[in-house]
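Taken together, the values in this text are just the output of simple stated rules run on the coordinates, not laboratory data. Because the structure is a prediction, the values reported are computed rather than measured. Neighbour counts run over all protein chains shown; Cβ positions are idealised from the backbone, glycine included.
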Amino acid sequence: MPPPSGPPARPPVVDVTPRVGSHRSEGVVITVSREDDDAD
């Protein structure tokens with residue numbers, strides 16, 4: 001049996017800039033925002 005799956009030890013780096021904003025569909029609103037962990 002394979003070992004159980006889980007999140008990676010280190011999350012992948014993804015550029016979400018093209019998708020930042022609110023996206024609406026029938027009955028659903030999804031807001032994508034950027035949060036910098038390295039912000040001073």
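Which of the trypsin sites (Lys or Arg not before Pro) found in the range 1-34 are in a DSSP loop and have at most 13 neighbouring Cβ atoms, other than their own, within 10 Å?
When the trypsin sites (Lys or Arg not before Pro) of the range 1-34 are filtered for loop state and at most 13 Cβ neighbours within 10 Å, 34 remain.
Whole-Hz ³J(HN,Hα) for each residue in the range 20-25, computed from phi via Karplus 6.51 cos²θ - 1.76 cosθ + 1.60 with θ = phi - 60°, x for glycine and proline: what do you get?
Coupling constants for the range 20-25: 5, x, 9, 10, 10, 9 Hz.
What full-extension length gain, to one decimal in nm, is calculated for residue 34 and residue 16 as 0.36 nm per residue of separation minus the Cα-Cα distance?
Once the chain is fully extended between residue 34 and residue 16, it gains 5.8 nm.
Just add up the charged neighbours of residue 16: K/R +1, D/E -1, any other residue whose Cβ is under 10 Å from the Cβ of residue 16.
Around residue 16, the surrounding residues sum to 0.
Kirkwood-based Rg over Rh for the chain (C-alpha set), two decimals?
Ratio of gyration radius to Kirkwood radius: 1.15.
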